[in-house]
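Each remark here refers to the structure printed beneath this line.
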Amino acid sequence: MRITVIGTGYLGAVHAAGMAQLGHDVLGVDVDAAKTDRLALGHSPIYEPGFPELLRGNLDAGRLRFTTSLQEAAEFGEVHFICVGTPQCAGSAAADMRHVDAVVQGLAPHLHRPCLLVGKSTVPVGTASRLAGMAASLAPVGGQAEVAWDPEFLREGFAVNDTLHPDRLVLGAASRRTEAILRNVYAKILEAGTPCICTDVVTAELVKVAANAFLATKISFINAIS
């Protein structure tokens with residue numbers, strides 16, 4: 001499949017190379033031209049064991065390239081993974097959604113054929129529904145630009161393995177068509193016997209928020225014990 005990965009930070013860079021390793025044609029997208037230029041030359045912007053080799057191998061194989069153009073991404077991709085950050089707002093407990101919103105606002109006007117937008121970031125519950133409405137209103141293809149949620153569960157130092165050999169997949173889909181597309185994206189991982197939970201987008205969003213909250217609880221607990 002033709003896949004774009006928008007946002008090439010820690011999550012996006014590894015995900016782009018991982019999708020290429022699974023055999024997809026992948027276009028990584030970022031507003032930072034210096035970063036995309038480095039990645040295109042095979043230079044890793046992050047320290048992550050195994051990632052430089054994964055990056056260079058798929059660049060050499062011709063399955064992976066990078067751009068700064070959302071228009072190019074829209075014309076290329078069948079599935080668009082949104083991997084930009086959602087940091088905490090300064091002075092508030094709220095998530096900063098500016099980068100996620102900017103991706104949809106920049107990409108949607110160029111979507112002229114059915115496609116799937118897939119969020120991977122940690123977001124407030126209800127974000128996918130809001131983004132679906134935004135995409136439908138801005139995209140020439142309207143509601144055929146569907147939105148799904150596929151939360152990530154990467155561990156620093158193990159991100160490559162967690163991408164290619166995850167301990168579970170959570171696929172939040174609003175329709176059987178969307179679920180089928182996501183299953184096609186992850187076909188090789190599913191064939192390996194990876195557990196897969198298919199649910200609605202709201203539950204998928206909540207799964208990620210709950211996982212992060214539980215991790216924070218465990219860290220706080222062991223710090224208190226120590």
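The values are calculated or read from the model by the stated rules, or taken from the named source; none is laboratory data. Values in this document were obtained by computation on a predicted structure and should not be read as measured data. Reconstructed Cβ throughout: ideal geometry from the backbone, glycine too, with neighbour counts over all protein chains shown. What goes into the accessible areas is simple: the full protein's heavy atoms, side chains included, and nothing from ligands, DNA or RNA. Shrake-Rupley method; radii C 1.70, N 1.55, O 1.52, S 1.80 Å.
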Residue satisfying condition, being without any contact (Cβ under 8 Å) to a residue 24 or more places away in the chain and open to solvent by 20 Å² or more (accessible area, probe 1.4 Å), within set Pro45, Pro52
Pro52
Single unsatisfied condition, Val31 versus (1) open to solvent by 70 Å² or more (accessible area, probe 1.4 Å); (2) in a helix (DSSP H, G or I); (3) more than 19 Å from Ala159 (Cβ to Cβ)
(2)
Quick one: in region 65-84, which of the residues that are assigned to a strand (DSSP E or B) and open to solvent by less than 10 Å² (accessible area, probe 1.4 Å) is farthest from Asp37 (Cα to Cα)?
Val79
Of residues in region 11-28 being assigned to a helix (DSSP H, G or I) and out of contact with any helix residue (DSSP H, G or I) (no Cβ under 7 Å at 6 or more places or on another chain), the one nearest to Leu190 (Cα to Cα):
Met19
Examine region 95-114 for a residue that is crowded, with 17+ Cβ neighbours inside 10 Å, in a strand (DSSP E or B), modelled with pLDDT of 95 or more and touching a strand residue (DSSP E or B) at 6+ places or on another chain (Cβ under 9 Å), and state whether such a residue exists.
no
Going through region 136-157 in order, the residues found to be more than 17 Å from the chain's Cα centre (by Cα) and at pLDDT 95 or above are Ala136, Ser137, Leu138, Ala139, Pro140, Val141, Gly142, Gln144
Given (1) touching a residue at least 24 places away in the same chain (Cβ under 8 Å); (2) out of contact with any strand residue (DSSP E or B) (no Cβ under 9 Å at 6 or more places or on another chain); (3) open to solvent by 50 Å² or more (accessible area, probe 1.4 Å); (4) part of a loop (DSSP other than H, G, I, E, B), index of the condition Gly193 fails
(1)
Would you point out which residue out of Leu154, Leu169 is crowded, with 17+ Cβ neighbours inside 10 Å and free of Cβ contacts under 8 Å to residues at least 60 places away in the same chain?
Leu169
